[in-house]
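For reference, the structure is listed below as structure tokens.
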Amino acid sequence: MTEPPILRIENLSTRYGAVRALRSVNMTVRRGEICAVLGANGAGKTTLLRTVSGLQPPDPGSRVLVDGTDVTRLPAEAMVRHGVAHVPEGGGVIAELTVEENMRLGGLWRAGRRERGAKAAEMFELFPPLAERRTRHAGTLSGGERQMLAIGRALMARPRVLLLDEPSLGLAPLITRRIMRLLQDLRAGTGLTVVLVEQNAAGALSVTDHGLVLSQGAVVASGSSGELLADDRMRHAYLGF
Amino acid sequence: MRKPTAALAGALALALLATSCSGAGQTEGGGVGDLDVSTGVTDDTVVIGTHQPLTGPASAGYLSISQGATAMFDYINAQGGVHGRRIDYRVQDDVYDPTQTIEVTQELVMGEEIFAMLGGLGTPTHSKVVDYLNEEGVPDVFVSSGALMWNNPEEYPLTYGYQVDYTKEAKILGQYVAENFPDAKVGYFYQNDDVGTDSQAGLDQYLADMVVSDQRYEATAPEAVATQIAALKEDGADLVVCACIPSFTALGVLNAAGQDYHPQWVVSSIGSDVPTLKNLLREFGESDELPVEAMLNGMITSGYLPATNMEDDPWTRFYQEVHEEYGAEGELTNTTIYGMVQATMFARALKAAGPEPTRQGLVDALESMEWNGPGVVPFASSADDHGGYAGALINQYVAEGDEEGLEELQGPMVTDREGGDITEGAFDRATPEEYDFHD
Amino acid sequence: MNHFIDLTLNGIANGAIYAALGLSLVIIYQATRVVNFAQPALALIAVYLAYAVYLATGSYWTGFAVALASGTLMGVLAERLLIRPVHGRSPLSAIIVTLGLLLALQGAAGMVWGNGDYSFPYPMDFRGRFSPAGAFGLGAVAVVTLLLFALYRFTPLGLRMRAAALHPESARLSGVRVGLMLTAGWGIASAIGALAGMLAAPPFLSPNALDAVFVYGIAAAVLGGLESPFGAVAGGLLLGVGLSYVSGYAGPELTTLAALAILVVVLSVRPDGLFTRPVARKV
Amino acid sequence: MASSLRRKQAPAAATARASARRGPAGLWNSLPVLPRHLLAALAALALVAVLTSVTDGLTALRVANVGYYLLAVAGLQLLVGFSGQISLGNGAFMFIGAYTTALMVLYTPMAPLAVVMLAAVAAGCLAGMLVGAATARLHGPYLAGATLALAVGLPAVALRFPDLLGGSNGLFFSLRGAPPALSGLVSDSQWKALVVWFVVLLALVVLATTSRGRLGRRMRAIRDDEAAAATAGIPVGRTKVVAFVISAGCGSLAGACQAYLLGTATPSSFTLALSLSLLAALVLGGLGSLWGALWGALALVYLELAGEELAHAMGLGSNVANNAPVVFFGVILIVIVMAWPLGVQGALSRLGRSLRGR
């Protein structure tokens, strides 16, 4: 008996004023999968994550289910309790707080200071460069370190589903590959499910199991990473290589 | 961009031409309006008005003046009013701000068409409407302020003073201190405006060479009083003359007590309202060895009106009764009596103006009146002296053990506001029953 | 020399009051980027409630507790009912709402308790050069500042409040209820405002008792730099002592002018206040 | 879909035809800026003349009060609305204007009114330059705090020099009323109201013309994004100071009109409450337009009066009645700012648009 998909999105639509940003998107992700969301700029990738995580209100008739429970109307601050962590575009690191404070912020909703401390230590092992700058202000971090801190903070919440918005934005290819390998290790280690929004389609598809391609808010193609890579027409039209 | 600027310059030139016929400041003298009118008088009411600070920072000390006058007019109207007319006393709030004083005064004169202005309060405020009232021919009766400018029959023929002015009162106090405390080291503690400077003008005529310290407080800076009292103590002043409003007298006495500094307090009438001072200091008297009364014990004050602590004074008893029945809640204070006396004297002048009062009738009644009370000193509202109460007597507040009262140290004295000497001011004073001021 | 000591001690006692009000303004500014002009009026109502309870029960400290509790409650209600609806709009709207609240509450105090002066007790004995009451004021402000520092620096609630203020979206994504944090900020700030009111009200309480403190409290907050609680306390003490010297040596009528002069001098050197790291503005 | 295409096809022809079809409104907009403002000013002056002739002196005084408040709020509007600098100090500039007028009338009585007013404007502009320069690097609450201290601190100067500036009693003087030629036709208070409105409208014309021109555009750029404006080559510092100078000039002229109207300049009139209520009136009326400044000025003069009438009508106890106007003003302020974010003018124009739209 295959267990229900950890994340199911049905007929998800939303609008910014008159502009329809998402048009009835459907998507299902099973536990432990890494799913890619691809498409040109402005295709609605970021909007999809923001609508799932509650930052953007969905239109009536949309449904978002996590492990079978309906979380469509929940506000963003409640999603963490349902195991969904969202790393927004640019990471959302708070420059005025120290690295340690940014990290601890992720785990705040879980009770128990001791447990948070242990989890934080674990994160600092995962990201050694952050350990050195623990007490420095997050504003002094490099782009790559900032992205690592953002992911670390999200992991502090022990999520089951990680929504990751363009981690490679503005980073050197070496660091992007290291992040992608990290996602694979996490999947192997804790069975973490990842929804990865990426501009750099080639890099993403090399890591993800399956994905979908958005254009003007609608899904124009979906399938396993192999199928998407093999489909020349799709690759030229939307993925640009 | 160039063409509009030229047009603009033209417009400006036009403006200059239109208003530049002659100097803004050159004006012919203010004439006096026609007096043979009885505006504000109907067959059953006489409408009079006043401007008072009812809200805002200055209201705390003066609120009970208009409350006292209102209570008195309620009493008079209950006795049938004056010549069968009810006195309608309209109080407008000017928040002690001259721009609002001007507006409410114009509203009283033009809007509510008052017969006369009674007791407009405050020098910075009333000084801005005194010209207007005289030009409009509105009698400006018993101004609630001790400034010297109200006694100026040539310039302000319709304005009549009420309160003994600061310089006369200071001269009487100064002379008393010079005679009875010849080797005192005197400290001045007074308000930084004309209250202070006019009082100092009187005090310096007798105490100039005895002064060791001169502290001027600012009404908007109460937090500085503590250091000013410390400065008085530091300079060795063992007698402090205080020309201040009640809240600052209380602040001075409180801070002195706080610094274990016990000079002989000599306070002019505007700041020596004992019930008000006791009320302000109520929270700071130590349990028994330093009750509030003890803080004020021995305070020498000047006065010209019946005071609450004068139990055997017929007027004090009369005002106590009126207050209990018609007054606002809370105990009777001398500030309330100030307003009640004002109303009593106005009613008497109105009655003397006859059954068909005109403004001219009121002025004639005022200038020909032989005042015999309720004040304890002679009152002047003759054609050439609009000075109001002409002097003061000197009391001492004594509170030993459980008995408490005012002892008269010096009888009523009168003087002028220049260098003139101080003379006896005794006169036979009527009782409330003999005082003809209502039906 | 005595005069100098008196001026200094009096300046410190007054400075503590400006610091407390400055502190409450800084907390609210940090939380909602709004300068709360209504703070003195909220404090005034809290002090009047404390006075009513003190008269009824005869115990000053019961009144004191009521002041802090009612201050907190009013702060929460003000944020939830008045500031929240204009949250997203231009900073001017929030400023004008607080101005309206200032006028309405001050008038309401006059309506309920009248415009006269009430004798209002000091927390402790006010006698002596550096009286217990003065010491209590300074001590209370010091304790409050340390508590605040600890709250912000070491407690989860403090971290949540700072995250909510600095980067609401990231805070929400980490499970922080941003709305609740803003309300908590206003509640804590108004409690400290009520404390400032209880220290400033003696000896006489009237609807305009806190007018002067209001201006110096804002000056203290601006002097210290609106970013750090310590800035407001330092700004308050600096202002208190500075004004005391000016009123002692040059005359009390110059205190308001001196406040202007101090502010201009400091702000011309440090435009963002004394204790603010010059933040590079994002271009 | 079709209608939008057609409009695109013939832009030039369409506008010509449109302005003719729209009649006077079209004509009005096609006039160059300055004559349009002058015409509007003349119309307003005529309206004031008619209004004050049919009513008594008291209303004339109040109409004149509205006049100088309008000028002060309009000056503030330029500073806050256009260049985004929140200043709480306009009361201080009114103080400067009032005292300049008072001193000139007392010490140089032969100087004609126009010269006195121009001197007041000059003094105000000088003060504005000083304040603008001193606060050029301040922004947001720091600017508000500094100007707040200015509004409270400056009047203390009058207390410091009692013999020159009259201490807390201030200065008072009597002014020429209506010229003898018109004495029959026009009462003193009506003449003063007309003079005040003449000066105010003239200043508003200058204000409106400058804010339409290059300076106005620069200030709006700074308001929207100071950093971007700087990179676009706009001299931010200088423009901010110029905004302060003009705003201070208007405030000072308003103070001069007040002194002229009331014949007094007293420190206790220039309280912190004055500066705060000017800002409140600006937001109440609606940022961004001179109409907003008018609604704000009307509110300043008539809202408290309405509160008083209300208190009298309900026959409330003395404490409640005395404080009712202030509470009424505060509550109205909150309600309007929350209900109509763009103030009265914003609501009116939205109403207008929805009526025209149907």
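The values are calculated or read from the model by the stated rules, or taken from the named source; none is laboratory data. Values in this document were obtained by computation on a predicted structure and should not be read as measured data. No Cβ is skipped: glycine too gets one built from the backbone with ideal geometry, and neighbour counts run over all protein chains shown. When the accessible area is computed, the model is the full protein with side chains, heavy atoms only, and any ligands, DNA or RNA have been set aside. Shrake-Rupley method; radii C 1.70, N 1.55, O 1.52, S 1.80 Å.
For this structure, a couple of remarks:
- Each residue in region B:81-106 was checked for being open to solvent by 20 Å² or more (accessible area, probe 1.4 Å), within 20 Å of B:Thr45 (Cβ to Cβ) and in contact with a Lys or Arg (Cβ under 9 Å, 6 or more places away or on another chain), and 1 pass.
- Residue match in region A:202-209 (condition: touching a helix residue (DSSP H, G or I) at 6+ places or on another chain (Cβ under 9 Å), at pLDDT 85 or above, open to solvent by 30 Å² or more (accessible area, probe 1.4 Å) and among the small types (Gly, Ala, Ser)): no
- From the list A:Ile179, A:Ile151, the one residue that fits, being among the β-branched types (Val, Ile, Thr), buried (at least 19 other Cβ atoms within 10 Å of the Cβ), part of a helix (DSSP H, G or I) and outside the structural domain of A:Met79 (by TED's automatic domain parsing), is A:Ile151.
- Filtered by the rule that a residue be of a type outside the set (Asp, Glu) and surrounded by fewer than 23 Cβ atoms within 10 Å (Cβ to Cβ), region B:249-266 gives B:Asn255, B:Ala256, B:Ala257, B:Gly258, B:Gln259, B:Tyr261, B:His262, B:Gln264.
- D:Ala293 satisfies every condition listed in (1) over 30 Å from D:Ala44 (Cβ atoms); (2) not assigned by TED's automatic domain parsing to the domain that holds D:Ser168 except (1).
- The residues listed here are B:Gly56, B:Gly81, B:Gly61, B:Gly68; of these, the one that is within 14 Å of chain C (Cβ to nearest Cβ), in contact (Cβ under 8 Å) with a residue 12 or more places away in the chain and farther than 30 Å from D:Ala158 by Cβ is B:Gly68.
- In region B:399-420, of all residues being aliphatic (A, V, I, L, M) and open to solvent by 20 Å² or more (accessible area, probe 1.4 Å), the one that is farthest from the chain's Cα centre (by Cα) corresponds to B:Leu409.
- Looking only at residues in region A:73-87 that are within 10 Å of chain C (Cβ to nearest Cβ) and open to solvent by 10 Å² or more (accessible area, probe 1.4 Å), the one that is nearest to A:Arg133 (Cα to Cα) is A:His86.
- Odd one out for D:Leu276, checked against (1) more than 12 Å from the chain's Cα centre (by Cα); (2) outside the structural domain of D:Ala297 (by TED's automatic domain parsing): (2)
- Selection count, region D:123-145, where residues are under 19 Å from D:Arg238 (Cβ atoms), facing another protein chain (nearest Cβ under 7 Å) and not in a loop (DSSP other than H, G, I, E, B): 1
- Residue ID - nearest to D:Ser187 (Cα to Cα), chosen from residues in region D:255-305 that are more than 10 Å from chain B (Cβ to nearest Cβ) and among the hydroxyl-bearing types (Ser, Thr, Tyr): D:Tyr302
- Region C:165-181, residues that are surrounded by 24 or more Cβ atoms within 10 Å (Cβ to Cβ) and either in a helix (DSSP H, G or I) or more than 7 Å from chain A (Cβ to nearest Cβ) (or both): C:Ser170, C:Ala171, C:Arg172, C:Leu173
- Among residues of region B:221-249, those that are more than 10 Å from chain C (Cβ to nearest Cβ) and polar (S, T, N, Q), counted: 1
- Residue in region D:157-174 that is in contact (Cβ under 8 Å) with a residue 24 or more places away in the chain, in a helix (DSSP H, G or I) and among the β-branched types (Val, Ile, Thr) present: no
- Any hit, region D:317-338, residues being open to solvent by 30 Å² or more (accessible area, probe 1.4 Å) and either of a type in the set (D, E, K, R) or closer than 30 Å to D:Val195 by Cβ (or both): no
- At least 3 residues being hydroxyl-bearing (Ser, Thr, Tyr) and out of contact with any Pro (no Cβ under 7 Å at 6 or more places or on another chain) is the threshold, and among the helices (runs of 4 or more DSSP H) wholly inside region D:209-271 those reaching it are D:236-262.
- Residue within region B:250-271 that is among the polar types (S, T, N, Q), away from chain C (no Cβ under 12 Å) and touching a Cys at 6+ places or on another chain (Cβ under 8 Å) present: yes
- Every listed requirement among (1) surrounded by fewer than 20 Cβ atoms within 10 Å (Cβ to Cβ); (2) in contact (Cβ under 8 Å) with a residue 60 or more places away in the chain; (3) under 24 Å from D:Ala339 (Cβ atoms) is met by C:Gly88 save one, (2).
- For region C:206-280, the helices (runs of 4 or more DSSP H) that sit wholly inside it and include 2 or more residues that are in contact (Cβ under 8 Å) with a residue 60 or more places away in the chain and more than 9 Å from chain D (Cβ to nearest Cβ) are C:211-224, C:229-249.
- Matching entry among D:Leu150, D:Leu165, D:Leu154, D:Leu185 (being within 25 Å of C:Glu227 (Cβ to Cβ), among the aliphatic types (A, V, I, L, M), more than 11 Å from chain B (Cβ to nearest Cβ) and touching a helix residue (DSSP H, G or I) at 6+ places or on another chain (Cβ under 9 Å)): D:Leu150
- Screening the candidates A:Leu7, A:Leu48, A:Leu65 for the property of being surrounded by 16 or more Cβ atoms within 10 Å (Cβ to Cβ), more than 14 Å from the chain's Cα centre (by Cα) and of a type outside the set (Val, Ile, Thr) yields one hit, A:Leu65.
- Criterion (within 26 Å of C:Phe130 (Cβ to Cβ) and either at pLDDT below 95 or surrounded by 24 or more Cβ atoms within 10 Å (Cβ to Cβ) (or both)) met by exactly one of C:Ala16, C:Ala46: C:Ala16
- Set B:Gly361, B:Gly375, B:Gly354: member being farther than 21 Å from B:Asn334 by Cβ, small (Gly, Ala, Ser), in a loop (DSSP other than H, G, I, E, B) and assigned by TED's automatic domain parsing to the domain that holds B:Val141: B:Gly354
- Looking only at region B:172-196, and only at residues there that are among the charged types (D, E, K, R) and closer than 19 Å to B:Gly146 by Cβ, the one that is surrounded by the most Cβ atoms within 10 Å (Cβ to Cβ): B:Asp194
- Residues within region A:131-146 that are within 15 Å of A:Leu105 (Cα to Cα) and either touching a residue at least 60 places away in the same chain (Cβ under 8 Å) or part of a helix (DSSP H, G or I) (or both), tallied: 2
- The condition of being within 23 Å of the chain's Cα centre (by Cα) and surrounded by fewer than 24 Cβ atoms within 10 Å (Cβ to Cβ) holds for only one of D:Ala151, D:Ala119, that being D:Ala119.
- Of all the listed residues (D:Leu284, D:Leu202), the sole one being modelled with pLDDT of 85 or more, within 29 Å of C:Val97 (Cβ to Cβ) and hydrophobic (A, V, I, L, M, F, W, C) is D:Leu284.
- Residue in region B:176-188 that is in a helix (DSSP H, G or I) and within 16 Å of B:Ala237 (Cβ to Cβ) present: yes
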